1. If you roll a 1.4 angstrom probe over the protein chains with everything in place, what fraction of the accessible area of the stretch B:123-191 belongs to carbon and sulfur, to the nearest %?
2. Go through A:V148, C:T184, A:I23 and say which Cα lies farthest out towards the positive end of the charge dipole of the protein assembly as shown; charges sit on Cβ, +1 for Lys and Arg, -1 for Asp and Glu.
3. Checking buried surface per residue: for the stretch A:90-105, which residues lose a minimum of 20 Å² accessible area in the protein assembly relative to the chain alone (1.4 Å probe)?
4. With a 1.4 Å probe and all protein chains left in place, how much of the accessible area of chain A comes from carbon and sulfur atoms, in whole percent?
5. Would you mind giving the total buried accessible surface between chains A and B, with a 1.4 Å probe and ligands, DNA and RNA left out, rounded to the nearest 100 Å²?
6. Which of the three applies to chain C, rounded, prolate or oblate, going by the alpha-carbon gyration tensor with a ≥ b ≥ c and a/c under 1.5 meaning rounded?
7. Whole number please: convex hull volume per residue of the Cα set in chain A, in Å³?
8. Counting only protein heavy atoms, probe 1.4 Å: which residues of the stretch A:159-183 lose 50 Å² or more of accessible surface in the full assembly compared with their chain by itself?
Amino acid sequence: MNKYLYIMRIKIISHLAYDIDVIFPLLLNFVWIITMTSIWKYVYAQNPDIHGVSLPQMQTYAIVSTLVGCFCRHEVQEELYYRMRQGTIAIDFIRPMNLVVSWLFEDIGNMVNNLLKNFVPILLFAVIFIQVPLPQNLSIIPLFVLSVLLCALLLWLISLFFGLLTVVWVDFGNLGVIRDPLLKIMAGSFVPLWFFPGWFRKVSDWLPFKYTYQTPLSIYIGKLSMTGSLAAVGIQAVWITVLCVCMYLFWQKVKKRLLIQGG
Amino acid sequence: MRCAVQSWFEYPLEMLCWIIFIPLYSFGGLLLLKVISTQFSEIGGWTFHGLAFFYGLGIVTHGLHVIFFFAVWHTNYMVLNGEFDRILLYPMNPFFMFIIQSFNIAGYIDITPGIIIFTYACLKLNLDWNAVAILKLIAVLIGGTLIRTGIFMIAGAIGFFRDTRNAVTNFMVDFLAYNTTAFPLNIYPYGIQVILTFLIPVGFINTYPAQDFMGMDNTFSIPINLSLCTLLVGIAFFLLAYGFFRFGLKHYKSTGS
Amino acid sequence: MSIIKAVHLRKRFIVKKKEPGLKGALKGIFAPKKIIINALDDVSFSMKKGEIIGLIGPNGAGKSTTIKILTGILQPLSGEVEVMGLNPQKKRAEVVSRIGVVFGQRSQLYWDIRLGESFELFRRIYRIPDEEYNANLELMDSLLGIRRLIDIPVRQLSLGQRMRGEIVSAVLHSPDILFLDEPTIGLDIQAKRNIRKFIREINQKKKTTIILTTHDLGDVQELCPRLVVINKGKIIEDGALDAIVHRLAPERILQIDTDKVKKDFTYPHCKMIKCEENKMWISFNRENVSASKLIAALSAEVRINDLQVKEPDIEDAIEQIYGEG
Ligand SMILES: Nc1ncnc2c1ncn2[C@@H]1O[C@H](COP(=O)(O)OP(=O)(O)O)[C@@H](O)[C@H]1O
Ligand SMILES: [Mg+2]
């Protein structure tokens with residue numbers, strides 16, 4: 001256990017190595033909050049209530065989405081792509097540890113790091129320039145926190161999936177180009193899915209992406225009822241179980257392949 | 001030039017992947033504009049087709065920038081791992097060398113969806129394409145490409161002064177692609193529009209030219225023709241950025257090994 | 001009892017051939033041409049505890065592949081491997097916690113942060129007890145002066161300094177076997193000397209078994225009593241360095257400075273190989289010709305101003321092996 005915690009620590013330190021690398025990602029979060037809330041203000045100038053959601057709720061959605069997004073920034077996919085290209089991935093096997101667990105802890109390190117660096121500044125920025133992002137009902141906070149943690153794990157599993165796919169299909173290059181647009185649109189991190197046409201929503205119901213950002217955010221702004229929230233968190237848990245099993249099997253295959261083909 | 005093309009063919013499947021998914025980003029952005037504008041009629045006087053014109057124009061200049069100046073995106077990495085040494089060894093103006101190296105056929109993948117969206121918007125808008133309009137368009141394309149390149153040159157040159165793993169460049173990539181050329185600037189509060197016009201002149205890439213073509217008013221009621229402005233601003237900003245890049249180059253320190 | 005045993009190892013890589021041009025690229029997508037590389041073709045050898053061997057061979061010979069199989073990174077196509085009595089593929093965790101590996105061409109340190117952080121991580125990964133860790137670090141400081149480097153970010157280290165870091169990180173847990181794949185690549189004489197000293201000391205003090213691959217025959221000459229030469233996936237020589245050199249290049253060369261050369265000088269079993277204005281070179285085999293008798297015979301015919309006997313050249317010997325293989 002100790003070794004995995006140290007891996008986490010190393011990640012945290014390496015991300016603090018360059019000051020510019022701390023400031024600009026933070027700045028980008030500020031920019032996103034401004035962009036999203038500006039758009040919603042424009043849109044809501046004409047109708048005060050859209051799909052049962054008010055402007056303050058929508059602004060809260062945007063702010064909390066940025067907070068959740070700064071927290072859930074994982075690198076496992078890029079890291080695997082990079083190590084594959086460098087041919088160093090096979091060499092990682094000479095350490096007596098579980099590689100997947102070590103990648104998980106690297107990303108937990110990233111998350112802790114992002115939380116420390118970004119959470120408070122972003123919240124302060126939002127409170128000063130936009131509004132205090134209060135939840136609809138304080139009693140849902142524990143459920144919201146649980147849902148965010150499940151969201152983080154789900155996002156990580158999705159990244160791991162694309163990372164392992166990168167190892168198998170290294171000729172296709174960095175598969176982040178597939179993951180990113182999928183997440184950008186289907187996760188509802190920017191424009192919630194209730195704005196999209198019906199067929200699009202039907203498709204997204206059967207994919208895991210919606211259960212990343214949209215679920216905790218909807219719970220937070222009170223878009224979902226209590227039973228609806230519980231059901232959504234349940235579906236998150238189901239997706240995590242399914243993906244965990246799939247990733248375990250996938251990893252066994254990838255490991256075997258690396259052992260035969262080398263890096 | 002040939003060199004860039006060749007290394008591209010070395011990873012044909014990667015190219016295939018890009019050909020499929022980079023346009024997805026572009027059309028995804030258009031889908032968002034469509035979703036927003038059809039649900040709420042118009043955004044600040046923009047029709048959906050106006051938005052498509054604006055959005056397509058932005059992607060075309062992005063594509064041109066990627067085709068001709070892609071290397072500036074990698075300045076930080078090259079500085080950080082000492083690869084920039086190689087550039088300085090050529091008996092030529094290092095910046096010129098840098099640019100020559102960056103000719104990037106992959107940019108055609110970026111530019112194609114832009115051309116499709118732009119053409120679609122033009123057909124729907126029934127614009128009058130007389131000689132003046134065409135000249136204006138060319139001026140706007142050149143100006144917009146130069147503004148983008150200038151922004152990335154400044155972002156990259158920061159790496160000469162401070163160690164960074166491309167943070168400023170990555171910031172600018174997102175900032176340009178999603179925050180400032182994907183939505184017209186008049187959605188922003190006044191103060192931010194001032195910054196995006198006079199400090200980082202992204203407004204001239206597509207917001208103001210599109211307003212000019214559409215015959216709309218702009219926030220600042222700038223007296224000169226806006227399309228001509230783009231060209232002038234582009235040249236001035238590029239020269240400024242070039243000066244900064246040269247200045248930064250004097251601070252270049254190689255790596256340990 | 002041998003600590004490493006490799007029996008009839010074979011390893012094959014299948015690579016897709018890339019053809020030039022657009023047509024080649026399309027062909028690569030739809031009908032890729034595959035070529036089979038026999039990286040290892042029946043490799044067998046074994047090592048005793050505490051031995052140092054030099055594994056040498058030209059680029060692409062299969063040295064790194066051999067090391068990767070012995071360390072459990074790669075699965076052999078066929079053949080058997082035993083490292084400390086265990087199969088490194090099946091008992092990977094057990095084997096890797098008792099070996100140390102350095103790949104000279106691939107860094108295993110964290111690039112952006114101070115060297116010490118990497119050490120601290122390895123200390124936890126291998127669960128190294130405090131005393132052992134400190135003692136090892138102390139020893140490494142005396143051999144490689146590592147403490148001075150510990151607070152510097154890895155990216156700011158010179159190649160020689162970084163390689164010292166790589167090596168220390170591989171021995172902190174007192175491995176029984178140390179695999180060094182081109183640890184001296186690109187280093188200057190001083191850095192090489194440091195590393196050679198380290199290898200010798202750790203072998204003597206801790207009885208560490210060492211496999212060293214290198215292109216620098218100086219390394220081999222100084223460190224390795226035993227040499228394994230591999231080429232095109234086959235072991236072509238395995239034995240004591242002296243014996244190999246002697247067998248392959250038995251000829252010594254006598255160089256004579258004289259006022260007037262005698263072009264038609266002959267002596268049984270000797271050969272005049274070159275003759276200049278006032279210098280002559282004669283090659284002879286020390287098995288059947290004694291140098292002193294040859295010189296005596298020569299001085300009877302010409303006036304010798306100066307003379308020199310050149311030992312067979314290890315470089316020449318190796319070159320000859322590569323040529324044959
Ligand atoms: N992962 C791999 N995939 C395909 N071919 C490989 C791989 N690793 C090594 N090879 C090939 O196997 C042969 C032996 O390589 P290697 O063991 O690295 O040689 P060296 O003696 O230089 O260390 C070479 O022809 C090399 O191209
Ligand atoms: Mg090798």
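1. It is 65 percent, rounded to a whole number.
2. Of the candidates, A:V148 comes out farthest on the positive side.
3. A:A90, A:I91, A:F93, A:I94, A:R95, A:P96, A:M97
4. 71
5. 3600
6. Prolate.
7. Value for chain A: 141 Å³ per residue.
8. Flagged in the stretch A:159-183: A:D171, A:F172, A:V177, A:P181.
The values are calculated or read from the model by the stated rules, or taken from the named source; none is laboratory data. Here the structure is a predicted model, which means the values were calculated and not measured. Methodologically, a virtual Cβ is constructed for each residue, glycine included, from the backbone with ideal geometry; neighbour enumeration extends over all protein chains shown. Heavy atoms of the whole protein, side chains included, go into the accessibility calculation; ligands, DNA and RNA do not. Shrake-Rupley method; radii C 1.70, N 1.55, O 1.52, S 1.80 Å.
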